[in-house]
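So the structure is just underneath, and the comments pick up after that.
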Amino acid sequence: MRTPIMAGNWKMYKTIQEALAFVDAVKEPLKTYPQAEKAICAGFVTLAPLAEALKDTQIKLGAQDMFWEEQGAYTGEVAPTMLQGICDLVIIGHSERRQHFCESNDTVNKKIKAALAHGLTPIVCVGESLDQNQAGETAAFVGEQVKAAFDGISAGQAAGIVVAYEPIWAIGTGLAATPEEANRIIGTVVRGTLTSLYGQDTAQSIRIQYGGSIKPDNVEALMKQPEIDGGLVGGASLKPEDFITLVRAAAQSAAR
Ligand code: 13P
């Protein structure tokens, strides 16, 4: 039984004050849903104050990226050693980073290894573009992304990684994948590739989220799908009441 994980990816939103006000609003209501893991992935400057505010809660904290080197002359970068002790998780290879900041399958793989080496749980993002989807290339492209991301990673390490399948055409567009289609790609392509790499037992233990226009009104149907183990949510994770609704749906899916 995989514990669902509902994670907010705040992207480049929320000042420190706004982030702390969000925590104040959600920390009591979220205690009602221990069946789901919940996490907030926030901007770098908000992480330290958020870590303090989240101390006595069950809400995990994640960064949205990091560099793979431990330290060095890399102006503007944030090292895994800086996140250690503050964060539990780190998003790696989000499509916005692949698109705007030259992330490649190779840098994604390096970052995953660095995260694991520093006790951070990677949330590894994969997903196809609209053109690839329409050309029938989803399975080949996403399968290759998964293979490249997990290159050189042992089964034991793989079991602790979270994958987020986020079709690029569904991100920020209001056009989520249908629950059935998201379930099919996650099951056959993402978990299928993980099965070919690591075998049934390990692949069955890896949590795979769906991401892309998850909203309070579609979250239940998505979370009910057997292959979907939670969500990675942008826009709808910014409002406390919406985030609580998302976590509730994930918790209910665990109770099935
Ligand atoms: P939206 O939920 O805003 O579509 O963003 C999804 C996403 O990119 C989460 O990482």
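The values are calculated or read from the model by the stated rules, or taken from the named source; none is laboratory data. All of these numbers come straight from a predicted model, not from anything done at the bench. Please note: Cβ atoms are built from the backbone with ideal geometry, for glycine as well, and neighbour counts cover all protein chains shown.
Structural remarks
- One residue from M1, M66, M12 being within 16 Å of the ligand (Cβ to nearest atom), among the hydrophobic types (A, V, I, L, M, F, W, C) and under 28 Å from T202 (Cβ atoms): M66
- Taking the listed residues S205, S253, S237, the one that is in contact (Cβ under 8 Å) with a residue 60 or more places away in the chain and closer than 19 Å to A155 by Cα is S205, with no other qualifying.
- The set of residues from region 1-50 being of a type in the set (S, T, N, Q) and part of a strand (DSSP E or B) comprises just one member, N9.
- The set of residues from region 142-174 being at positive phi and more than 10 Å from the ligand (Cβ to nearest atom) comprises just one member, G152.
- Among residues of region 192-210, those that are in contact with a helix residue (DSSP H, G or I) (Cβ under 8 Å, 6 or more places away or on another chain) and either surrounded by 24 or more Cβ atoms within 10 Å (Cβ to Cβ) or within 28 Å of D242 (Cβ to Cβ) (or both), counted: 4
- Being in contact with a strand residue (DSSP E or B) (Cβ under 6 Å, 6 or more places away or on another chain), away from the ligand (no atom under 16 Å from the Cβ), at pLDDT 95 or above and not basic (K, R) is a description that applies to I59.
- Residue within region 204-219 that is more than 16 Å from the ligand (Cβ to nearest atom) and within 24 Å of E103 (Cα to Cα) present: yes
- Flag for T121 being in contact with a helix residue (DSSP H, G or I) (Cβ under 8 Å, 6 or more places away or on another chain) and among the polar types (S, T, N, Q): yes
- Selection of strands (runs of 3 or more DSSP E) fully inside region 62-169 by the criterion of at least 3 residues being under 18 Å from the mean Cα position of the chain (by Cα) and surrounded by fewer than 20 Cβ atoms within 10 Å (Cβ to Cβ) returns nothing.
- Qualifying residue in region 193-200 (condition: within 16 Å of the ligand (Cβ to nearest atom), of a type outside the set (F, W, Y) and in a helix (DSSP H, G or I)): no
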